[in-house]
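Visitor: Just dropping this structure here.
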Amino acid sequence: MTDCKQTAACPPERKKFLTATEVAEILDVSRSTAYRIIRRLNAELDKVGKITVAGKVSARYFYENTYL
């Protein structure tokens, strides 16, 4: 099995980080709403001392907190 890195051919559930476009597609919301969700999730991660990337969210944390 090949290691799935941040490539376009990789399904979102196999990536380490999700972009706003991917979050919008998964949740069927607009990109602006996806950015709002990402900011909220990243703020939660910041509070516990985790490093975050603006405009992206940890895929693992996203799936844990959206119950998908």
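Visitor: Output the number of the condition that Val29 fails; it satisfies all remaining conditions of (1) part of a helix (DSSP H, G or I); (2) surrounded by 13 or more Cβ atoms within 10 Å (Cβ to Cβ).
Guide: (1)
Visitor: When you go through Thr2, Thr21 one by one, which is the residue that is modelled with pLDDT under 95 and of a type in the set (S, T, N, Q)? Spell out the reasoning first.
Guide: Details: Thr21 fails: modelled with pLDDT under 95.
Exactly one of Thr2, Thr21 is modelled with pLDDT under 95 and of a type in the set (S, T, N, Q), namely Thr2.
Visitor: Right, something else. What are the pairs with Cβ atoms under 9 angstrom where one residue, in the stretch 33-60, is touching a residue at least 40 places away in the same chain (Cβ under 8 Å) and the other, located anywhere, is part of a strand (DSSP E or B)? Sequence gap at least six, or different chains.
Guide: Every condition considered, the pairs that remain are Val57/Phe17; Val57/Leu18; Val57/Thr19; Ser58/Phe17; Ser58/Leu18; Ala59/Phe17; Ala59/Leu18.
Visitor: Taking into account only those residues within the stretch 42-68 that are part of a helix (DSSP H, G or I) and of a type in the set (D, E, K, R), which is nearest to the chain's Cα centre (by Cα)?
Guide: The extreme case among them is Arg60.
The values are calculated or read from the model by the stated rules, or taken from the named source; none is laboratory data. These numbers come from a predicted model, not from an experiment. So basically every Cβ, Gly included, is an ideal-geometry build from the backbone, and we count neighbours across all protein chains shown.
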